[in-house]
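See structure below.
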Amino acid sequence: METVFIADDELSIREGLKCIINWEEAGFTLCGEASNGKDALDRILAMQPSLVMLDVKMPKIHGTEVIRLAREAGYQGKCIILSGYSDFKYAQEAIKNGVSLYLTKPLDEEELYAAVREIKELLSAEKQQYRHLSSYKAKAKSIVLRELLTDTLDTPLSIEDIEHFHLQADSYQVVICEDFHKHSASAPYTFADLLNVINRENNIYEHLEINGKDIVLLKGSHGLRKLDDFLEHYQKRPFQDGSPMESMFLTYGRPVTNTQDIHLSYEDAFALLERRFFCMPYQHTLGYEALSPNSMDAPNCPPLCEIVTLSEETLTRFSGLLTDYIQSYNRQMIEDTLHELEKNMNLIDSDKAEIKLFLTDLYLQVKENINRIYASAEIPFLTNSAVIEHISAQNYLNEILRFLSEQCGMMINAIGNPNRDAVLYDVLYYIDHNFRNNIKLEAIAPLFGYNSAYLGKIFNKTVGESFNSYVDHKRIDCAKELLLEDRLKVYEIAEQVGYRNVDYFHKKFRKYVGQSPAEFRKAANLLSITDPVP
């Protein structure tokens, strides 16, 4: 509904104008009236009516002067001048100041109604045109913003373009807002919702969507400062129930100082969405600082921590470490190894799909190692398909590493030695299950938190023989069992019990048994032939 304002120094005229036309039927509501030029000017500027009906001869300020001053102050509405004078100079002055119609008194009812209807149609046409223009401008601005962010503008924006689209500012910064709970239907808040409360005259941000992502372009130092205030507020205080930040995850790019570099800030923020995989639990923001090479240093890594690649060699290395620490019940070293792995995952140039695949392979390799070493143990392993499905469904690296830690703990509990209160028994238990490998005291001692010299002394004193001698005895005992089975050749048995050199195996076997492997097998076979049948 349009509004109409009536100004005339005569009360009877004002009352007559209210009644002579059915204003509601004509599409208008009366918003005010005035009896002198000064009041009329003040109220016109305050109310901004769609239509002003104004007498020329007004006290304090002449009617045509009221219109002139109103136009200079920005009034854009329509105006019908009413006058008892037929002097053309008033009409000229009125037309010069943008008066729509000039009617003389006494008023003809039909002529007045036709004039009001004409004004209403003109207002409706202008509003429709404005809506179309606004729609075109909005679409054009949306396209320009999209091309600015994605660096696809054919030519840089001119100063006139920047002003036309209200993009003039001394600095810019891009923020991307995602739902923190990735699988929920929709987030109750977005960053733009919060900014909208303080966005005076649309001068601190622009809001658009690109490929389903909620994008905010902050404009000017005031807009950028709002992001800083927002981050400081939510990062220094624990969230209260219902806090808007509970439902949001934000990435933000570097600040830039001209429109041609806005795409750099957008590229930062977009790249950081992939880095969300590496965030800590309950982390709701990730800024361009995380893209700096120096920001990804790993000061808490063990001294020997090196940047790794997702290679077969890396897989073998870490699966071997975890297998050893599981067998030595060393939970702390398992956590340290997973922590080292986490730091390295942050440094490598691989996407989350590749990392998930690597960590799945890592778990399956450790599972295979433990299954092989402790074949008789009842270990409640998950099925391979369940592991693959679980790891692939996780949103964060820390969730996967926590799963690996829990699984390593489960394996420790399942294979746990009942005598494990004494470290030495843990060492013996480890040897009993790994003597087939090329194990050395220098490599085993750190697994149990000892240096090799000290552990060697304890071992010799408690067991009554050296570490190497104990390992040899385990290997020779196993070799004797295999020789008695009479399935494998001597060199194959040597390899199975941990001797890579068959001559060395012969030497050790003769030392501990007093005869060669072949002689031992032959004697055992002869004995079985001569044994009486029960």
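The values are calculated or read from the model by the stated rules, or taken from the named source; none is laboratory data. Source: prediction; values computed, not measured. So basically every Cβ, Gly included, is an ideal-geometry build from the backbone, and we count neighbours across all protein chains shown. Surface accessibility is based on the protein's heavy atoms, side chains included, excluding ligands, DNA and RNA. Shrake-Rupley method; radii C 1.70, N 1.55, O 1.52, S 1.80 Å.
Here are some notes:
- Segment Glu163-Glu442, length gained on full extension (0.36 nm per residue, minus Cα span): 93.2 nm
- Accessible area in the full protein assembly, largest first, 1.4 Å probe, for Lys457, Lys480, Lys141: Lys457, Lys480, Lys141
- Extreme residue, positive dipole direction of the chain, given options Gln407, Leu11, Tyr130 (C-beta unit charges): Gln407
- With DNA, RNA and ligands ignored, accessible area of Thr155 (1.4 Å probe; Å², nearest 10): 90
- Stretching Glu126 away from Asn36 to a fully extended chain increases their span by 29.4 nm, per 0.36 nm per residue minus the current alpha-carbon distance.
- Probe 1.4 Å, protein heavy atoms only - accessible area per residue of the chain in square angstrom: 54
- Region 397-534: Rg to Rh, with Rh as the Kirkwood radius over Cα pairs: 1.09
- Dipole orientation for the chain: of the candidates Ala386, Thr309, Leu526, Leu526 has the Cα lying most toward the positive pole (charges on Cβ; Lys, Arg +1; Asp, Glu -1).
- Across the chain, the mean sequence separation of Cα contacts (distance under 8 Å, 6 or more residues apart), normalised by length, yields a relative contact order of 8 percent.
- Taking 0.36 nm per residue of separation and subtracting the current Cα-Cα distance, fully stretching the chain between Arg372 and Asp170 would add 66.2 nm.
- Inter-label distance, nm, simple model (7 Å from Cα along the C-beta direction), Cys478/Tyr504: 1.5
- Answer label for Rg/Rh (Cα atoms, Kirkwood Rh) (calculated), chosen among (i) 0.99; (ii) 1.10; (iii) 1.35: (iii)
- Mean Cα-pair separation over length for region 382-457, i.e. relative contact order, pairs under 8 Å, 6 or more apart, %: 14
- Within the shell of other residues whose beta carbon sits under 12 angstrom from the beta carbon of Asp268, the net charge comes to -2, with Lys and Arg scored +1 and Asp and Glu -1.
- Ser171 long-range amide H proximity, modeled H, under 5 Å: Gly220, Ser221
- Computed over neighbours whose Cβ is under 13 Å from that of Gly514, the net charge equals +4, Lys and Arg +1, Asp and Glu -1.
- J(HN,Hα) series, region 365-382, from Karplus relation 6.51 cos²θ - 1.76 cosθ + 1.60, nearest Hz, glycine and proline x: 5, 4, 4, 4, 4, 5, 4, 5, 6, 10, 4, 8, 7, 8, 10, x, 5, 6
- Largest-first ordering by accessible area, 1.4 Å probe, given options Val502, Val216: Val502, Val216
- Filter on Lys461/Lys511; Lys457/Lys508; Lys367/Lys489; Lys78/Lys219; Lys38/Lys219; Lys367/Lys507 - keep pairs with C-alpha separation over 32 Å: Lys78/Lys219; Lys38/Lys219; Lys367/Lys507
- Taking every DSSP beta bridge that has both ends in the chain, the antiparallel portion is near 45%.
- For region 247-263, backbone phi angles converted through the Karplus equation (6.51, -1.76, 1.60; θ = phi - 60°) give residue-by-residue couplings of 9, 10, 10, 10, 10, 9, x, 5, x, 10, 10, 9, 4, 5, 9, 4, 4 Hz, Gly and Pro being listed as x.
- Rounded to the nearest 500, the helix-only mean residue ellipticity at 222 nm of the chain stands at -17500 deg cm²/dmol, with each DSSP H run of n ≥ 4 adding -39,500 (n - 2.57).
- Taking every alpha-carbon pair under 8 Å whose residues sit at least 6 apart, region 428-534 reaches a relative contact order of 22 percent.
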